[in-house]
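Below you'll find the structure, written out as structure tokens, and then a few comments.
The values are calculated or read from the model by the stated rules, or taken from the named source; none is laboratory data. Please read all numbers here as calculations on a predicted model, not as lab measurements. Glycine gets a Cβ as well: all are built from the backbone with ideal geometry, and neighbour counts include every protein chain shown.
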Amino acid sequence: MKQVIALNVNGESREVLAEPFAALVDVLRDGLGLTGAKKGCGKGNCGACTVLMDGKAVNSCLVLAVDAQGRRITTIEGLYLLRPPGEHANRLHPLQRAFIQHGAVQCGFCSPGMLLAAAALLEENPIPTEAEARAALEGNLCRCTGYQKIIEAILSVSAPR
Ligand code: FES
Ligand code: FES
């Protein structure tokens with residue numbers, strides 16, 4: 001039987017009716033209309049459904065929505081809210097701008113998950129090595145880019161400016 005689930009998503013309190021066994025990715029997409037998180041494998045293997053939970057990257061297909069209550073959820077729709085202080089309110093997050101500038105997006109299916117995994121990495125390790133960046137993204141699959149442009153985009157943001 002469906003129950004009310006209260007979530008904090010992108011800084012807003014949201015309530016949604018969902019089955020107790022519903023995965024967070026399904027509740028975000030179908031219940032809240034936040035379709036940026038993609039459902040690829042549904043088994044924790046592709047990273048397309050990555051969101052931030054209290055700042056850590058998680059596969060939202062493996063998290064029960066009920067267990068996400070009381071946690072801070074950030075989806076790609078809210079990534080811009082994590083811009084560094086002082087950035088203009090209408091600007092994308094620096095990682096999003098870098099992905100565009102470096103041609104790191106092709107079909108775009110992996111991009112929300114890639115961006116959020118990268119954001120979690122830079123939060124924990126602001127100046128990662130290339131090897132560290134590749135390791136942080138190893139759970140996020142991309143069929144299009146060959147990964148190189150994605151890594152270049154991330155390192156361009158992490159480089160001291
Ligand atoms: Fe969640 Fe693939 S859909 S890891
Ligand atoms: Fe197509 Fe990554 S850009 S899967």
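Data for the structure
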read-out: Any hit, region 88-101, residues being buried (at least 17 other Cβ atoms within 10 Å of the Cβ) and more than 23 Å from THR145 (Cα to Cα); value: no
read-out: Of the criteria (1) of a type in the set (A, V, I, L, M); (2) closer than 22 Å to ILE154 by Cβ; (3) surrounded by 17 or more Cβ atoms within 10 Å (Cβ to Cβ), which one LEU7 fails; value: (2)
read-out: Yes/no for GLY113 being within 16 Å of ligand 2 (Cβ to nearest atom), in contact (Cβ under 8 Å) with a residue 12 or more places away in the chain and in a loop (DSSP other than H, G, I, E, B); value: no
read-out: Near pairs, Cβ below 9 angstrom, 6+ apart or cross-chain, from region 71-99 (over 11 Å from ALA119 (Cβ atoms)) to any residue that is among the β-branched types (Val, Ile, Thr) and surrounded by fewer than 17 Cβ atoms within 10 Å (Cβ to Cβ); value: GLU77/THR35; LEU92/ILE100
read-out: Qualifying residue in region 66-78 (condition: closer than 15 Å to SER111 by Cβ, away from ligand 1 (no atom under 14 Å from the Cβ) and at pLDDT below 95); value: no
read-out: Matching residues in region 1-40 - criterion: being in contact (Cβ under 8 Å) with a residue 40 or more places away in the chain and small (Gly, Ala, Ser); value: ALA6, GLY11, ALA18, ALA22, ALA23, GLY36, ALA37, GLY40
